[in-house]
2 protein chains.
Amino acid sequence: MTAARSSPGRVTMRDVASVAGVSTATVSKVLNDRPDVGPEVRQRVLDTIGRLGYRVNAVARGLRARTTDTIAILTDDLEGIFTTTLMRGVEEAASEYDVSVLLANSYGDPEKERKHLRRLLDRQVDGLIIMSGNRVRPRSGPALPMPDTPYVFLYEYGMAEPVPSILPDDRGGAALAARHLLDLGRRRIGFINGPASWEATADRLDGFTATLREAGLDADPVLVRHAASWSPEDGYALTAALLDLPDPPDAVFCASDDLATGALAAIHDRGLAIPGAVAVVGFDDRSLAVHQRPPLTTVALPLLEMGRVAGQRLLSAINGEPQSHELIRVACELKIRTSTGPA
Amino acid sequence: MTAARSSPGRVTMRDVASVAGVSTATVSKVLNDRPDVGPEVRQRVLDTIGRLGYRVNAVARGLRARTTDTIAILTDDLEGIFTTTLMRGVEEAASEYDVSVLLANSYGDPEKERKHLRRLLDRQVDGLIIMSGNRVRPRSGPALPMPDTPYVFLYEYGMAEPVPSILPDDRGGAALAARHLLDLGRRRIGFINGPASWEATADRLDGFTATLREAGLDADPVLVRHAASWSPEDGYALTAALLDLPDPPDAVFCASDDLATGALAAIHDRGLAIPGAVAVVGFDDRSLAVHQRPPLTTVALPLLEMGRVAGQRLLSAINGEPQSHELIRVACELKIRTSTGPA
DNA sequence: CCCAGTTACGTAATCGTTTTCGTAGAGGGC
DNA sequence: GCCCTCTACGAAAACGATTACGTAACTGGG
């Protein structure tokens with residue numbers, strides 16, 4: 001008279017059906033909130049489900065319904081600084097829709113990437129988030145043709161052709177920094193940009209100069225430098241060079257927190273006050289920014305939000321909404337700390 | 001005469017079978033390397049698979065074969081400092097066996113954790129890695145009963161009852177540090193431990209004192225302190241207190257890199273040479289360790305290896321090998337940098 | 001009172017594999 | 001030539017759900 005089970009397997013839909021005295025079709029309808037099932041039968045089925053502890057088998061459901069409620073994140077650097085936050089955003093968006101997230105790490109090895117991709121497609125994932133650190137080499141879509149599987153590129157620069165993709169608003173972020181410094185009364189603002197080979201640097205430069213121009217003052221070309229790398233050492237050297245100028249800057253905007261770290265050191269070593277004599281703004285908002293002395297004002301990459309947007313966009317594409325191939329830029333946020341302030 | 005497909009769906013096993021002039025059973029046998037299929041038929045099937053671009057449907061296979069070749073990582077802090085490296089280790093192990101990894105993040109919310117767990121079990125994952133930051137509250141297994149699903153706890157302290165779990169060898173790691181300092185000729189070694197509420201601190205203390213005792217000198221109780229937190233500030237304060245002693249230490253071993261960072265600052269502020277007057281060893285090997293001045297000698301947590309071991313252990317349990325409930329400790333490694341050295 | 005239209009449920013096909021048997025034919029020992 | 005054992009394959013039944021369709025019972029309008 002208890003559960004009608006004897007085999008060691010999990011309790012299945014047929015068990016529920018037979019105990020509740022209905023057909024499996026009805027049980028399925030109850031589970032999926034179909035309208036054509038009476039209230040008392042529905043309740044009876046629900047009760048039996050509870051009593052037997054029935055849980056749907058997502059694999060069987062996936063086979064029949066041709067959807068797995070699973071998306072995958074394909075990354076080439078699982079340990080990258082920005083990776084986890086991006087992933088968290090994606091996971092949050094997916095969780096809201098009861099979609100699970102598969103993880104695949106390629107280490108940047110194209111062979112491994114293809115292998116993972118094949119395996120994911122074999123697993124019938126409903127969609128794909130393709131993510132990597134800032135790669136420079138141009139790409140033109142997934143490594144494998146995926147006729148029916150939607151995808152979104154996340155934080156991936158240098159796409160050769162239009163694909164659905166999510167990037168930070170580098171231009172707007174740089175503009176935020178410039179306007180902040182202008183608002184504080186700084187007028188000679190230096191800009192230490194990253195290596196020109198990085199696509200983001202062009203936008204950051206553009207946002208910077210455009211904002212100065214709007215304020216009526218042209219960016220002094222001598223105050224704008226491209227670093228050879230993103231390292232603190234380069235930040236140090238280029239800042240030192242700026243300070244040696246006959247007409248040195250009263251503020252330095254760096255295109256990364258690492259560069260800004262070097263800038264802080266250079267200014268400090270000159271015996272100049274921060275932000276008194278020279279204000280400093282970074283970019284990225286890595287955790288090191290807040291631990292600088294003084295704590296670094298910086299333009300935060302909206303990583304969490306980018307991940308969320310990527311997830312939402314992918315899920316809406318999965319749900320059949322028309323997939324645009326446009327590039328979406330997510331706004332950066334200025335984190336004001338003590339490395340800037342009234343002169 | 002080309003592919004026998006007209007419907008828009010993927011090419012299926014039946015298509016391969018009909019084109020190759022065999023039954024689906026035979027195709028399946030070829031795919032799974034069963035012995036009972038002749039060489040010429042096998043080749044013919046293989047060729048057709050290649051020509052049609054057939055790929056197995058893992059969902060259907062999973063339904064029938066009752067195994068999904070998927071494990072899940074359940075974490076409560078996706079953005080934790082140690083999390084990604086642990087995950088990478090798990091992913092590496094899984095990849096070797098062609099097993100995919102599902103990711104679930106609970107933010108430490110037990111309700112969310114249960115919800116995720118239910119969903120994962122519905123998805124018929126073959127096994128579970130349960131992972132979190134160093135949690136203090138005692139736990140006694142998964143949040144939900146999982147009759148047939150193997151699991152391994154990874155980097156989870158304070159388990160109330162024996163469960164399969166993986167931890168770093170805290171005792172051995174501390175011993176490594178102590179022996180290193182002894183070998184360098186240090187004789188008055190201070191130990192700044194973490195909060196006593198953390199299970200790891202007892203083992204680290206034990207490894208430290210045991211090593212001193214083996215060397216014939218007892219640890220001076222006055223040189224052993226428990227910090228109230230793991231913060232650099234506490235490291236600074238406690239180190240300062242040790243240095244103020246009438247008979248101050250010639251080396252300080254800290255139970256975390258953060259504590260050690262504070263220790264370095266305190267020693268530096270006293271105008272004492274590092275490692276000349278006082279040597280410093282940390283614990284964890286976070287990336288900040290190498291960026292200290294001087295670069296910090298530290299006991300590295302074997303995170304990657306722990307992840308790998310957890311993955312391998314889980315997979316072997318999945319493959320039917322008897323699952324022991326013992327706790328496995330993975331050896332730490334001493335990273336010698338310049339904060340230690342000849343006196 | 002009849003009949004078309006709902007409503008509520010069941011039947012059975014189906015999703016794409018794996019796997020258990022069954023069996024035809026080849027081969028071998030005697 | 002008989003029987004028995006392999007070998008190589010196919011037929012068909014799962015696996016556990018979803019869903020198109022069929023149909024009995026009920027409804028209400030005329």
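Brief remarks on what is shown
- Any hit, segment B:55-69, residues being closer than 30 Å to A:Leu86 by Cβ, more than 10 Å from DNA strand C (Cβ to nearest atom) and in contact with a helix residue (DSSP H, G or I) (Cβ under 6 Å, 6 or more places away or on another chain): yes
- Total residues in segment B:213-231, condition in contact with a Phe, Trp or Tyr (Cβ under 7 Å, 6 or more places away or on another chain) and in a helix (DSSP H, G or I): 1
- Scanning segment A:17-40 for residues that are at pLDDT below 95 and β-branched (Val, Ile, Thr) turns up just one, A:Val37.
- Among the residues listed as A:Asp33, A:Asp98, the single one being within 16 Å of DNA strand D (Cβ to nearest atom), under 30 Å from B:Glu92 (Cβ atoms) and of a type in the set (Asp, Glu): A:Asp98
- Any hit, segment A:33-46, residues being in contact with a helix residue (DSSP H, G or I) (Cβ under 6 Å, 6 or more places away or on another chain), within 16 Å of DNA strand C (Cβ to nearest atom) and among the β-branched types (Val, Ile, Thr): yes
- Restricted to segment A:234-319, the set of strands (runs of 3 or more DSSP E) holding at least 2 residues that are more than 19 Å from the chain's Cα centre (by Cα) comprises A:251-254, A:279-284.
- Here A:Asp234 meets each of (1) in contact with a Phe, Trp or Tyr (Cβ under 6 Å, 6 or more places away or on another chain); (2) under 21 Å from A:Arg286 (Cα atoms) with one exception, condition (1).
- Residues that are charged (D, E, K, R) and away from chain A (no Cβ under 12 Å) within segment B:114-137 comprise B:Arg114, B:Arg135, B:Arg137, listed in sequence order.
- Residues within segment A:218-275 that are among the aliphatic types (A, V, I, L, M) and closer than 16 Å to A:Ala174 by Cβ, tallied: 10
- Residue list for segment B:85-111, filter: touching a Ser or Thr at 6+ places or on another chain (Cβ under 9 Å), facing chain A (nearest Cβ under 8 Å) and more than 18 Å from B:Met306 (Cβ to Cβ): B:Ser100, B:Leu102, B:Ala104, B:Asn105
- Of all residues in segment A:89-125 being among the polar types (S, T, N, Q) and in contact (Cβ under 8 Å) with a residue 24 or more places away in the chain, the one that is nearest to B:Ile71 (Cα to Cα): A:Ser100
- Just one of the listed residues (B:Leu167, B:Leu128) is touching a residue at least 60 places away in the same chain (Cβ under 8 Å), aliphatic (A, V, I, L, M), outside any helix (DSSP H, G or I) and closer than 19 Å to A:Leu103 by Cα, and it is B:Leu128.
- Residues in segment A:59-77 that are within 22 Å of A:His116 (Cα to Cα) and either more than 9 Å from chain B (Cβ to nearest Cβ) or crowded, with 21+ Cβ neighbours inside 10 Å (or both): A:Val59, A:Gly62, A:Thr67, A:Thr68, A:Thr70, A:Ile71, A:Ala72, A:Ile73, A:Leu74, A:Thr75, A:Asp76, A:Asp77.
- Only one of the listed residues (B:Asp15, B:Asp47) is more than 11 Å from DNA strand D (Cβ to nearest atom) and loosely packed, with under 14 Cβ neighbours inside 10 Å. That residue is B:Asp47.
- With respect to (1) over 16 Å from the mean Cα position of the chain (by Cα); (2) touching a residue at least 40 places away in the same chain (Cβ under 8 Å); (3) away from DNA strand C (no atom under 16 Å from the Cβ), the lone exception for B:Thr149 is condition (2).
- In segment A:320-335, residue nearest to A:Glu91 (Cα to Cα) [restricted to those that are among the charged types (D, E, K, R) and part of a strand (DSSP E or B)]: A:Arg329
- Test: residue in segment B:17-30 that is within 8 Å of another protein chain (Cβ to nearest Cβ) and of a type outside the set (Ser, Thr, Tyr): no
- The residue that is farthest from A:Lys29 (Cα to Cα), counting only those in segment A:42-58 that are aliphatic (A, V, I, L, M) and facing chain B (nearest Cβ under 10 Å), is A:Ala58.
The values are calculated or read from the model by the stated rules, or taken from the named source; none is laboratory data. All values derive from a computational prediction rather than experimental measurement. No Cβ is skipped: glycine too gets one built from the backbone with ideal geometry, and neighbour counts run over all protein chains shown.
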